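Below is one structure; the comments refer to it alone.
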Amino acid sequence: MPLLDTDQDLARDSYYAATVARGPGHAPLAGTTSCDVAVVGGGLAGLSAALELRQRGFDVVLLEGRQLAWGGSGRNGGQAIHGLACDQATIEAQLGLDEAKRVWAMSIEALDLIRERIARHGIECEWRDGYLGLATNARKGAELAEWADRMDSVYGYPLTRVGHAEVRDWIDSPRFHSGVHDPRSGHLHPLKYALGIARAAAEAGVRLHEHSPVVSMTPGEPAVLRTAGGEVHARRVLLAGNVYLSGLAPALEPRIMPVGTYIACSSVLDDAVADRLIPSRSAVCDTNFVLDYFRTTDDNRMLYGGRVSYSTLTPSNLAQSMRQRMLLSFPQLASAQVDYAWGGFVDISMNRAPDFGRLAGAPNVYYLQGFSGHGLALTGLAGRLVAEAIAGDASRFDVFARLRHRAFPGGRMLRTPALVLGMAWYRLRDILG
C-alpha cells in the first residue's frame, strides 16, 4: 500500500482529531501568484517558518497537500523535550564542543519559544511542564545518571535525579529502575498547538492553501511551484514536507526514511488513578533505543506510544497491540479500554540529527527535515532559524547546515530491508538490557 494511503488509514482514529474543531479551512491554490517565499508543507516547521517570515515583512504563500498539521505535527506524542533525537556526542564529533553547546542552547530556546507563542497568540493547547526520562534497569540507570552529570557539568543544564528508592514516588510502575526529571520540558496537545500557529500565521497575513499538493518545482529565480490548480512564482522556497515531498527534491530523499510510530489513548480514568500513575503529570520516555513514551491528558486518559515500524507496515490489531504495551508499564490499567489508536510517519536521518540546508545548485531553495521523532519543539526553532537566514543572518541556520548526512545504504530497493534488520538488532539489545 502506498505510504500516503497507509497514512490516511492511520489518521482515522486520532484522539487529537477527535478533540479539535478545525473550522472552515483554507481554499486550495487557484491560478498563478507570486511571493517572496513559498513554503511547501503545513506542519509545524512550515507553519513556524511562515509565521516568522511574515513577522519580518515577507510576503508568504504556504502550500499544504492535505490539511494543515495533518501529518506528524498533529499526531505525535505531544512531548516537547530538551536536545535532539541524537546524543550530543554526535554533534560534538562533527562540530566540536563549543558548537555543540550552541546547538544544545538552541534546543532549550525551542522550549521557551513554545511557551512564548502560546502566551503571545493565546493558544489553548493544554501545556504542562515536566519531563521524566526513565531507565528500565540498573545498567541503563547508571548510564542515564552519568549522562545527566555531564549535562550539568559541561552544558550547565541541571536535572533532578530520581534514584531507585524513590522512582515509585514519580511513576506508579514496576517497570522502571531510576531516572531524571526536567521541569523545563513538557507536553501539550500538538494539533491544537499547530492549528494555533496556523491561525496566528493567517492573522499575520500568510496566504495558506490546503489540499494543494505541489506536483513539480522548477528551480530558478524565481522558482516555480505547480499544483493541480495553479502555480506560485517565488524568490525563495522552503521545503518542509519531510516524508511527503513526493520527489520534489530527489537529492534529499535518500537521506531520510519514513518510520511508522503508533499511539493509543485509554478510556477516561478516575482523577485519583491518573494522579497516582504520574504524580507530577510529566511527559515520560524510557531510554531504550526503541523507546516507549507516554503521558496523561487533561481529560485523564493515558496516552501511550511505543511500537514503531521500520518497514512502514502497520502492526495488525493496532489497538490491542498498543494496549498490551501500555499494560507492561501499567498493569493496574487492565480494566481500562483503548478508545483511540492511531499513528503516522516520522522522517529519521541516519545519525538521527536534523538535516537543514539549501539545495545544491539552487541556493534559494531551503529545506528542513530529519527531525527523527524529536521535532515538536525543534520544528518551531527551525522555522525561526530559516527565517533568520532568508532575512540575511544565516549564522545560526548554518550551524545545523554544517552537519553531515549520509544516505541510507541499499538504494531505493534495499534500504528499507536493511533498516529493518538493523533495528531488529537494537530491539534485541533493549530486551537483553
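Quick notes
- Subset tally (residues that are touching a helix residue (DSSP H, G or I) at 6+ places or on another chain (Cβ under 7 Å) and outside any strand (DSSP E or B)) for region 172-198: 12
- Being within 24 Å of the chain's Cα centre (by Cα), farther than 12 Å from residue 365 by Cβ and surrounded by fewer than 23 Cβ atoms within 10 Å (Cβ to Cβ) holds for only one residue in 255, 226, and it is 255.
- Lone unmet requirement of (1) in a helix (DSSP H, G or I); (2) open to solvent by less than 30 Å² (accessible area, probe 1.4 Å); (3) under 30 Å from residue 265 (Cβ atoms); (4) of a type outside the set (Ser, Thr, Tyr) for residue 17: (2)
- Cβ-Cβ under 9 Å pairs, at least 6 apart or on other chains, region 266-285 side at positive phi, far side open to solvent by 60 Å² or more (accessible area, probe 1.4 Å): 281/128; 281/129; 281/275
- Selection within region 20-52 - open to solvent by 30 Å² or more (accessible area, probe 1.4 Å), of a type outside the set (Ser, Thr, Tyr) and not in a loop (DSSP other than H, G, I, E, B): 31, 36
- Residue match in region 121-129 (condition: farther than 25 Å from residue 303 by Cα, open to solvent by 30 Å² or more (accessible area, probe 1.4 Å) and in a helix (DSSP H, G or I)): yes
- None of 213, 250 is assigned to a loop (DSSP other than H, G, I, E, B) and within 30 Å of residue 123 (Cα to Cα) except 213.
- Of all residues in region 179-205, those that are over 25 Å from residue 105 (Cβ atoms) and open to solvent by 10 Å² or more (accessible area, probe 1.4 Å) total 7.
- Failed condition for residue 104, given (1) in a helix (DSSP H, G or I); (2) open to solvent by less than 10 Å² (accessible area, probe 1.4 Å); (3) out of contact with any Cys (no Cβ under 7 Å at 6 or more places or on another chain); (4) not small (Gly, Ala, Ser): (2)
- Any hit, region 33-50, residues being of a type in the set (Ser, Thr, Tyr) and over 27 Å from residue 186 (Cβ atoms): yes
- Residue list for region 321-351, filter: more than 25 Å from the chain's Cα centre (by Cα), over 19 Å from residue 286 (Cβ atoms) and open to solvent by 60 Å² or more (accessible area, probe 1.4 Å): 335, 337
- Contact map, region 181-209: residues that are more than 13 Å from residue 123 (Cβ to Cβ) paired with residues that are crowded, with 24+ Cβ neighbours inside 10 Å and at pLDDT below 95, Cβ distance under 6 Å, separation 6+ or inter-chain. No pairs are found.
- Residue that is nearest to residue 59 (Cα to Cα), among those in region 232-247 that are at pLDDT 95 or above and surrounded by fewer than 18 Cβ atoms within 10 Å (Cβ to Cβ): 235
- Some residue of region 338-352 being farther than 28 Å from residue 107 by Cβ and not aliphatic (A, V, I, L, M): yes
- Each residue in region 221-243 was checked for being within 15 Å of residue 36 (Cβ to Cβ) and touching a residue at least 12 places away in the same chain (Cβ under 8 Å), and 11 pass.
- The residue pairs whose first member lies in region 381-404 and is under 15 Å from residue 84 (Cα atoms), whose second member is polar (S, T, N, Q), and whose beta carbons are closer than 6 Å, counting only pairs six or more residues apart or on different chains, are 403/94.
- Every pair of residues 6+ apart whose Cβ atoms lie under 6 Å, when the first sits in region 356-377 and is over 19 Å from residue 131 (Cα atoms) while the second is among the β-branched types (Val, Ile, Thr) and open to solvent by less than 10 Å² (accessible area, probe 1.4 Å): 359/365; 365/237; 366/386
- Matching option when the condition is open to solvent by less than 10 Å² (accessible area, probe 1.4 Å) and free of Cβ contacts under 8 Å to residues at least 60 places away in the same chain, among 262, 304: 304
- Which numbered condition residue 172 fails, given (1) under 30 Å from residue 198 (Cα atoms); (2) of a type in the set (D, E, K, R); (3) surrounded by 15 or more Cβ atoms within 10 Å (Cβ to Cβ): (1)
- So residue 354, is it within 30 Å of residue 218 (Cβ to Cβ) and either of a type in the set (S, T, N, Q) or open to solvent by less than 10 Å² (accessible area, probe 1.4 Å) (or both): yes
The values are calculated or read from the model by the stated rules, or taken from the named source; none is laboratory data. Remember, predicted model here, so these are calculated numbers, not experimental data. Here the Cβ is made from the backbone with ideal geometry for all residues, glycine too, and neighbour counts use every protein chain on show. Surface areas here come from the heavy atoms of the whole protein model, side chains and all, with no ligands, DNA or RNA. Shrake-Rupley method; radii C 1.70, N 1.55, O 1.52, S 1.80 Å.
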